[in-house]
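Structure first, then comments.
The values are calculated or read from the model by the stated rules, or taken from the named source; none is laboratory data. Here the structure is a predicted model, which is why all the values come from computation and not from measurement. Heads up, the Cβs are rebuilt from the backbone with ideal geometry, glycines too, and the neighbour counts pull from every protein chain shown.
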Amino acid sequence: MHRRLIATALSLTAAMPAWSFCPPPAPTMVLERFVPADCERCWTAAPPSPGSTLSPRERVFAMDWIVPSAAGDAAPLAAAAVAEARERVAGAGALPPDEALSVARPLPRRSSALRLEVSDGPVVNGYVALRLVARTSGGALPNGIAGYMALVERVPAGEEGSPVDRQLVRAQVGPLSLDGLRVGAPVEHFRAIRLPETAKPERLAAVGWVERGEQRVIAISASPSVACPAVP
């Protein structure tokens, strides 16, 4: 399904906005920020602390989720809420309807054995193509690992009422099997994601990650932006 769309989308260069939004090339920490769809002020206020002070030396990779509420489409932020955010926040802790939640988890210090490449195509016929390639250079990988991809909207500070840069998750796919991953045998996944109605195509990008049980991310990467310098 959508094979022609995926082939077409991935053959083109994704057009990214001119503002600089450059995730760290080798992050040491994953920061997930959850905003309840009922709480508009939670979006426009500075995100809460993740519970421990992050060292300035940490290279933080942030993702933002809007969690659906019982109010459904009547919630102020419902248009950008994703169903998968419910399960994601459930693994992080309770989320009151009028408070945001930030959760920071360190990435393994020795994750060089697992490398991810993530890319996205432009919007074609209302769909965006996402691609994740996982490679290993050797060494033992944890049991039960799985891959995930997300279509994110990169919202710079000062836009849409946000006081901080955000990578807002607009859609998620996974878990994706990594069976057969070994040296010289990468595992590759393609998915075509329908463009969310309220998303701005020029701000879209892809994020891919691998995690083991209990939502422990062990590797994460994002599609490059033309505004970011090349990483040697």
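Which of the numbered conditions does ARG194 fail, given that it passes all the others? Conditions: (1) farther than 22 Å from PRO27 by Cα; (2) modelled with pLDDT under 90.
So ARG194 meets the others, but not (2).
One residue is enough: does region 15-29 have a residue meeting the conditions out of contact with any helix residue (DSSP H, G or I) (no Cβ under 6 Å at 6 or more places or on another chain), modelled with pLDDT of 90 or more and not basic (Lys, Arg)?
No, there is no match, as no residue in region 15-29 is out of contact with any helix residue (DSSP H, G or I) (no Cβ under 6 Å at 6 or more places or on another chain), modelled with pLDDT of 90 or more and not basic (Lys, Arg).
Can you tell me how many residues within region 155-207 are of a type outside the set (S, T, N, Q) and assigned to a strand (DSSP E or B)?
Initially, region 155-207 is screened for residues of a type outside the set (S, T, N, Q), giving 155-161, 163-166, 168-171, 173-176, 178-197, 199-207.
Retained after the next criterion (residues that are assigned to a strand (DSSP E or B)): 155, 166, 168-171, 173-176, 182, 185, 187-194, 204-207.
So the count comes out to 24.
Quick one: count up the residues across region 124-158 that are within 18 Å of the chain's Cα centre (by Cα) and either surrounded by 15 or more Cβ atoms within 10 Å (Cβ to Cβ) or farther than 24 Å from VAL82 by Cβ (or both). Break it down into steps so the answer makes sense when it comes.
Applying the first criterion (within 18 Å of the chain's Cα centre (by Cα)) to region 124-158 yields 127-134, 145-157.
Applying the additional criterion that residues be either surrounded by 15 or more Cβ atoms within 10 Å (Cβ to Cβ) or farther than 24 Å from VAL82 by Cβ (or both) yields 127-134, 145-156.
The total comes to 20.
Tell me, yes or no, whether region 90-107 has at least one residue that is part of a helix (DSSP H, G or I) and either surrounded by 12 or more Cβ atoms within 10 Å (Cβ to Cβ) or polar (S, T, N, Q) (or both). Explain how you work it out, then say what you get.
The first filter runs over region 90-107 and keeps only residues part of a helix (DSSP H, G or I), leaving 90.
Pick out the ones that are also either surrounded by 12 or more Cβ atoms within 10 Å (Cβ to Cβ) or polar (S, T, N, Q) (or both) and you get 90.
Within region 90-107, one or more residues are part of a helix (DSSP H, G or I) and either surrounded by 12 or more Cβ atoms within 10 Å (Cβ to Cβ) or polar (S, T, N, Q) (or both).
Please identify the pairs in which a residue from region 154-181 that is more than 15 Å from ASP64 (Cβ to Cβ) and in contact (Cβ under 8 Å) with a residue 24 or more places away in the chain has its Cβ atom under 7 Å from the Cβ atom of a residue that is of a type in the set (D, E, K, R) and part of a strand (DSSP E or B), counting only partners at least 6 apart or on another chain.
Qualifying pairs under 7 Å: VAL173/ARG191.
Tally the residues that are closer than 18 Å to ALA171 by Cβ and touching a residue at least 24 places away in the same chain (Cβ under 8 Å), restricting the search to region 76-100.
Restricting attention to region 76-100, the residues satisfying the condition of being closer than 18 Å to ALA171 by Cβ are 77-89.
Within this subset, residues satisfying the condition of being touching a residue at least 24 places away in the same chain (Cβ under 8 Å) are 77-82, 84-85, 88-89.
Of the residues in region 76-100, 10 are closer than 18 Å to ALA171 by Cβ and touching a residue at least 24 places away in the same chain (Cβ under 8 Å).
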